[in-house]
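Enquirer: This structure is in structure tokens; I'll ask about it shortly.
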Amino acid sequence: MGLMRFSVVTAFPDFVEAYFKTSVIGKAVQKGLIECDVVNPRMFAEPPHNQIDDYAYGGGGMVLKAEPLARAVDFVKSPAAKVICLSPQGRLLNQALVESLATEQHLILVCGHYEGVDERFIQAYADMEVSVGDYVLTGGELPALIVVDAVSRRVEGVVGKSSAVEDDSFAKGMLDHPHYTRPSVWRGLKVPEVLLNGDHGAVASWRRRESIARTLSRRPDIVGNAFLAPYIEKGVYLIWGDASRVLGDEAGLPEEVVIKFLKNIISVSERAGCRKVILLLKEAAIRQKIRILLSRLAKLEAECDEYAEMIKVVPNMDRAVSWIKEKEKSSPYMVAITSENKANRIHWDELKMRILGFCRPVAFCYQCKAEDMVGVCLRNPLGVNDSGDIFSGIISVAVTLERIIGLEKKEVPIGRDR
Ligand code: 4FD
């Protein structure tokens with residue numbers, strides 16, 4: 001128990017065994033971090049010919065017979081085992097699938113050959129069919145080893161530094177930046193100057209921009225799922241227009257509810273990497289009331305310290321925008337969350353591309369006035385009813401921020417000591 005096991009069902013055991021003795025995977029096996037075994041379906045085929053394949057019904061080439069594969073799987077099976085058939089018809093392997101496979105205890109990887117595998121074996125035995133890409137190979141061995149490799153490096157201790165795992169490509173759903181090592185000039189090609197200066201901030205910023213440029217030009221298809229917070233150089237802001245509708249006296253909310261609201265909206269904003277939540281409150285008395293409430297909260301509970309820091313109250317949109325502009329030295333890109341069917345409404349996927357494409361702060365505005373919807377509009381995920389109460393507001397903002405900025409793809413090695 002604890003240790004992750006891989007069993008590969010293959011007619012070419014030598015090839016797979018050789019890999020299990022080699023390099024990083026070989027070391028992981030030696031260290032006892034993972035367990036790898038190989039089984040040949042030919043051992044379970046009918047003598048005297050021990051035939052594992054036969055002609056396809058309906059014509060065509062050869063197909064792997066169901067029975068030898070089934071017996072091979074039964075031979076290596078354990079109660080928690082998941083059976084995966086490698087085939088071009090499978091679900092495309094990506095890092096998310098790798099992460100989910102890494103939570104399993106035992107993977108049985110079945111390698112097909114020829115034209116394929118008798119469908120009845122897949123039907124009766126396979127938990128999942130996986131493909132490593134849209135191309136055809138002579139066998140499922142390389143795909144099986146790709147699965148073993150990608151899943152193993154997510155197991156604690158298999159790859160050296162965990163920072164190497166967290167920082168690399170796809171950790172945040174974006175492509176990696178270029179890497180360089182000595183010499184600083186190789187065949188006349190120079191390492192980018194910024195990397196030689198030792199200015200960590202400048203290096204980080206250069207790497208971010210390189211990651212963004214590569215992802216936008218090579219893999220725009222993955223931007224929709226990327227976690228943008230680490231790539232937005234200027235801040236993200238949430239502006240809650242007409243906050244008196246939820247915080248004013250006429251809203252008649254008990255103080256605990258107002259506090260709960262403030263805590264929730266801050267928590268939602270912090271998760272999306274927001275720098276500030278700006279509440280628009282036109283009446284000075286209400287602004288004062290909220291400020292007093294926040295400072296009281298900060299004194300009362302230690303965790304509310306940052307809470308008070310996160311919230312800013314201003315009388316109107318102009319003040320909010322000029323405050324951001326002052327702080328970021330650049331005017332914010334305004335994104336209104338609205339149920340109105342505005343002409344400047346764009347798709348969230350397009351907004352993600354735009355946010356990455358320019359170096360500007362972004363201000364998400366909820367419940368703002370029509371004349372303040374100057375940038376682009378996003379569809380309110382709650383649909384038609386902009387009722388603006390605490391609950392619909394939190395939901396609309398939370399869903400929107402999570403959709404645009406995304407969720408961190410937490411790349412922590414998976415411990416096996418359950
Ligand atoms: N893209 C892949 C997997 C296997 C494979 C095979 C049916 C062919 C490519 C089952 C047809 C197995 C892949 C063997 N080629 N070839 O992951």
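Enquirer: Quick check: is even one residue across the stretch 127-143 away from the ligand (no atom under 16 Å from the Cβ), assigned by TED's automatic domain parsing to the domain that holds residue 58 and assigned to a helix (DSSP H, G or I)?
Expert: Within the stretch 127-143, not a single residue is away from the ligand (no atom under 16 Å from the Cβ), assigned by TED's automatic domain parsing to the domain that holds residue 58 and assigned to a helix (DSSP H, G or I).
Enquirer: Here's another thing I want to ask about it. What do you reckon, is residue 70 surrounded by 13 or more Cβ atoms within 10 Å (Cβ to Cβ) and not basic (Lys, Arg)?
Expert: Yes; evaluated as a whole, the condition is true for this residue.
Enquirer: Turning to a different aspect of this structure: Quickly run through the stretch 41-80 and pick out the residues that are closer than 20 Å to residue 16 by Cβ, away from the ligand (no atom under 16 Å from the Cβ) and over 37 Å from the mean Cα position of the chain (by Cα).
Expert: Across the stretch 41-80, the qualifying residues are 42, 43, 44, 45, 50, 71.
Enquirer: Next question. If you check residue 100 against the conditions, is it at negative phi and either aliphatic (A, V, I, L, M) or in contact (Cβ under 8 Å) with a residue 40 or more places away in the chain (or both)?
Expert: no
Enquirer: On the given criteria, is residue 169 modelled with pLDDT under 95, among the polar types (S, T, N, Q) and in a loop (DSSP other than H, G, I, E, B)?
Expert: Yes: the conditions hold for residue 169.
Enquirer: Here are the criteria: (1) open to solvent by 70 Å² or more (accessible area, probe 1.4 Å); (2) in contact (Cβ under 8 Å) with a residue 60 or more places away in the chain; (3) under 30 Å from residue 317 (Cβ atoms); (4) among the charged types (D, E, K, R). Tell me which single one residue 250 does not satisfy.
Expert: (2)
Enquirer: Given (1) modelled with pLDDT under 90; (2) part of a loop (DSSP other than H, G, I, E, B), where does residue 374 come up short, assuming only one miss?
Expert: Looking at each condition in turn, residue 374 falls short on (1).
Enquirer: Right, next: When the residues of the stretch 104-126 are narrowed to those that are surrounded by fewer than 23 Cβ atoms within 10 Å (Cβ to Cβ) and among the small types (Gly, Ala, Ser), which ends up nearest to the ligand (Cβ to nearest atom)?
Expert: 116
Enquirer: List pairs: first residue in the stretch 13-33 and within 16 Å of residue 156 (Cβ to Cβ), second residue outside any helix (DSSP H, G or I) anywhere in the structure, Cβ distance under 6 angstrom, at least six positions apart or on different chains.
Expert: Hits for this filter: 28/34; 28/158; 29/36; 33/155; 33/157; 33/158.
Enquirer: Can you report the number of residues in the stretch 388-408 which are touching a residue at least 24 places away in the same chain (Cβ under 8 Å), outside any loop (DSSP other than H, G, I, E, B) and β-branched (Val, Ile, Thr)?
Expert: The number of residues fulfilling the criteria is 5.
Enquirer: Shifting gears a bit: Residue 84 is checked against (1) within 20 Å of residue 125 (Cα to Cα); (2) open to solvent by 50 Å² or more (accessible area, probe 1.4 Å); (3) within 15 Å of the ligand (Cβ to nearest atom) and fails just one. What number does that condition carry?
Expert: (2)
Here's the yes/no breakdown for (1) in a strand (DSSP E or B); (2) in contact with a strand residue (DSSP E or B) (Cβ under 7 Å, 6 or more places away or on another chain):
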{"residue": "7", "(1), (2)": "yes, yes"}
{"residue": "16", "(1), (2)": "no, yes"}
{"residue": "19", "(1), (2)": "no, no"}
{"residue": "24", "(1), (2)": "no, no"}
{"residue": "32", "(1), (2)": "no, no"}
{"residue": "43", "(1), (2)": "no, no"}
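Enquirer: Which count do you get for residues in the stretch 179-196 that are among the aliphatic types (A, V, I, L, M), in a strand (DSSP E or B) and open to solvent by 90 Å² or more (accessible area, probe 1.4 Å)? Break it down into steps so the answer makes sense when it comes.
Expert: The first filter runs over the stretch 179-196 and keeps only residues among the aliphatic types (A, V, I, L, M), leaving 185, 189, 191, 194-196.
Within this subset, residues satisfying the condition of being in a strand (DSSP E or B) are 185, 189.
After this cut, where a residue has to be open to solvent by 90 Å² or more (accessible area, probe 1.4 Å) as well, the list is 189.
Going through the stretch 179-196 one residue at a time, the tally reaches 1.
Enquirer: Going through 234, 276, 282, 263 one at a time, which residue ends up being in a loop (DSSP other than H, G, I, E, B) and open to solvent by less than 60 Å² (accessible area, probe 1.4 Å)?
Expert: Numbers: 276 fails: in a loop (DSSP other than H, G, I, E, B); 282 fails: open to solvent by less than 60 Å² (accessible area, probe 1.4 Å); 263 fails: in a loop (DSSP other than H, G, I, E, B).
The match here is 234.
Enquirer: Let me ask something else. Looking at (1) within 16 Å of the ligand (Cβ to nearest atom); (2) modelled with pLDDT under 95, which is the only condition residue 163 fails?
Expert: Just one mismatch for residue 163, condition (1).
The values are calculated or read from the model by the stated rules, or taken from the named source; none is laboratory data. Remember, predicted model here, so these are calculated numbers, not experimental data. No Cβ is skipped: glycine too gets one built from the backbone with ideal geometry, and neighbour counts run over all protein chains shown. Calculation scope for accessible area: heavy atoms of the full protein, side chains included, ligands and nucleic acids excluded. Shrake-Rupley method; radii C 1.70, N 1.55, O 1.52, S 1.80 Å.
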